[in-house]
Amino acid sequence: MDRVLIVIGFILFWALMIALIFWGWRGRQKRQEDRIGEFPALPDDLGATHIEPTTGLYVGSTIAPSWQDRIAVGDIGHRATGELSRYEKGILLDRNGESPIWIPAESIRAIRTERGLAGKVMTKDGLLVIRWELPTGTEIDTGFRADDKQIYPVWTASSTGETKEETA
């Protein structure tokens, strides 16, 4: 009988911990709603392709400059595999099973490599991080771990205004 009570107590404790996690996530969403607002819509015409699609993992987005203040609004907080590509009018992060993220060219502040973002820590320069400004004026960092890390120099050079031909 003692074992049954211990198992029931453990299950109740576990259920309480899961409920607290969801409660905390919903609280974070409510706190961030005004700062985040609506994300830019994907335009019909993306313009010419500057960097071909790169496959990898969307790690998440955080409110800049904190690398751990993960955004919970909408589905942007969900990790997903996808493709990252750069066009004349901006950057498209097409995520599998989640909504795409469109980063207009005029919103991009910096593209760099980092060791970690949104609770994901890797080796040195393991993540490509794009800092950009939302329509609300809030700057966020969006992290992407490419399958082929050899593409990172092309992306970081593209933030300085160099073209694909200049980096080749």
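The values are calculated or read from the model by the stated rules, or taken from the named source; none is laboratory data. Just so it is clear, the structure is predicted and the values come from calculations on it, not from any experiment. Cβ: placed from backbone, ideal geometry, glycine included. Neighbour counts: every protein chain shown. Just the protein is used for accessible areas: all its heavy atoms, side chains included, with ligands, DNA and RNA removed. Shrake-Rupley method; radii C 1.70, N 1.55, O 1.52, S 1.80 Å.
Worth pointing out:
- Residue within region 40-56 that is under 22 Å from A146 (Cα atoms), of a type in the set (G, A, S) and out of contact with any Phe, Trp or Tyr (no Cβ under 9 Å at 6 or more places or on another chain) present: no
- Any hit, region 98-114, residues being of a type in the set (A, V, I, L, M, F, W, C), at pLDDT below 90 and under 15 Å from the mean Cα position of the chain (by Cα): no
- Filter result for the condition that a residue is more than 12 Å from the chain's Cα centre (by Cα) and either modelled with pLDDT of 90 or more or on the phi < 0 side of the Ramachandran plot (or both), over A72, A80, A146: A146
- Within region 87-111, residues that are at positive phi have Cβ atoms under 9 Å from residues that are polar (S, T, N, Q) and assigned to a strand (DSSP E or B) in these pairs: G97/T81, counting only partners at least 6 apart in sequence or on another chain.
- Condition met for R112 (open to solvent by 60 Å² or more (accessible area, probe 1.4 Å), farther than 25 Å from W25 by Cβ and touching a helix residue (DSSP H, G or I) at 6+ places or on another chain (Cβ under 9 Å)): yes
- Restricting region 129-146 to residues that are in a loop (DSSP other than H, G, I, E, B) and in contact with a helix residue (DSSP H, G or I) (Cβ under 7 Å, 6 or more places away or on another chain) leaves a set whose member that is surrounded by the most Cβ atoms within 10 Å (Cβ to Cβ) is L134.
- Single residue of W23, W67, W14 found to be of a type in the set (F, W, Y) and modelled with pLDDT under 85: W67
- Every pair of residues 6+ apart whose Cβ atoms lie under 9 Å, when the first sits in region 121-134 and is of a type in the set (S, T, N, Q) while the second is surrounded by fewer than 24 Cβ atoms within 10 Å (Cβ to Cβ): T123/R115
- A single entry from D125, D94 fulfils the requirement of being closer than 23 Å to T49 by Cα and open to solvent by 40 Å² or more (accessible area, probe 1.4 Å): D94.
- Scanning region 33-63 for residues that are open to solvent by less than 20 Å² (accessible area, probe 1.4 Å), among the small types (G, A, S) and outside any strand (DSSP E or B) turns up nothing.
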